[in-house]
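Just so it is clear, none of the values below were taken in a lab; they were calculated from the coordinates. Owing to the predicted nature of the structure, the values given are computational and were not obtained by experimental measurement.
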Amino acid sequence: MEELPSNPTHPALPAGYVIQATGIKKVYKRGREEIVALWDTNLSILPGEFIVMIGPSGSGKSTLLHLLGGIDRPTRGELRVNGVDLITANEDALTRFRRDNIGFVFQFYNLLPSLNALDNVILPLLAKGMSWKASRERGAVVLEQVGLSHRQKHTPSQLSGGEQQRVAIARAMALEPRVILADEPTGDLDRASSNSIINLMVDLKQRLGVTFIVATHNLNLLQVADRSYELTDGHLNRMSNGPAGYI
Ligand SMILES: Nc1ncnc2c1ncn2[C@@H]1O[C@H](COP(=O)(O)OP(=O)(O)O)[C@@H](O)[C@H]1O
Ligand SMILES: [Mg+2]
């Protein structure tokens, strides 16, 4: 059997890759036109790594995150995330995969405006069938983890952009996913709020071993990355050196 790599950033986390993509390619069809959003892409990620992807608009960042998160499927290639084969999984399995394995964080937070912070965070828990009481207890824990215990009852319009993104991160973490995929998470924030969201993500990685994959224009994120990549016209290139022995 192939030997699994040990985990240099988190010795306590399980060995082996949480994400393994081999030769994945994504072609979008628009009428008769074909757009190659992602060329043959290889990527192996260990649990608890903080991965940053930069690249201009249209370079394929969101496409890659969608593939890794089971929102969309590659046109070709092999892709396993947290032990699930995303190529062969049927639609039901893919829905379960997204719910149980992945937290998503977006540029514009995507909170429900009529619900307060706690209710936004517990929605995925209730949807999974957790009781009202247990959901609220868990919701309070994750809001505490993002430093927002004092804002439970605030609705999004009563929160700053940075606070709204903290709520969105708490919601993404509610079901304890192994991986959080963040698409331009600081794209709508001023510099101070951006830095505080970056520090929060690093803190969650260090304390809880959450794996982060962040697509961004914010070059400050390169400083905190375990590994970073640049996407150019659908080609993914490694930027910095990480632990030897894997891609
Ligand atoms: N659903 C889609 N249908 C057709 N083309 C798409 C679709 N989504 C993205 N694209 C195209 O794929 C390329 C990569 O897009 P995207 O992954 O959104 O880049 P980024 O997130 O880096 O801005 C772009 O040329 C974009 O126009
Ligand atoms: Mg994008």
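Give, in nm to one decimal, the length gained when the segment between Asn220 and Gln206 is fully stretched (0.36 nm per residue of separation minus the Cα-Cα distance).
Separation in residues times 0.36 nm, less the Cα-Cα distance, equals 3.2 nm.
Once you have the Cα-Cα distance between Asn90 and Met239, take 0.36 nm times their residue separation minus that, and quote the gain in nm to one decimal. Before the final figure, lay out the partial values.
Details: separation 149, 0.36 × 149 = 53.64 nm, distance 3.46 nm.
This chain segment gains 50.2 nm when fully extended.
Count of lysine pairs in the chain with Cα atoms under 19 Å apart, counting only pairs 8 or more residues apart in sequence or on different chains? Mind showing how you got there, number by number?
On the way: Lys25/Lys61; Lys26/Lys61; Lys29/Lys61; Lys133/Lys153.
Lysine pairs satisfying the spacing and distance rule in the chain number 4.
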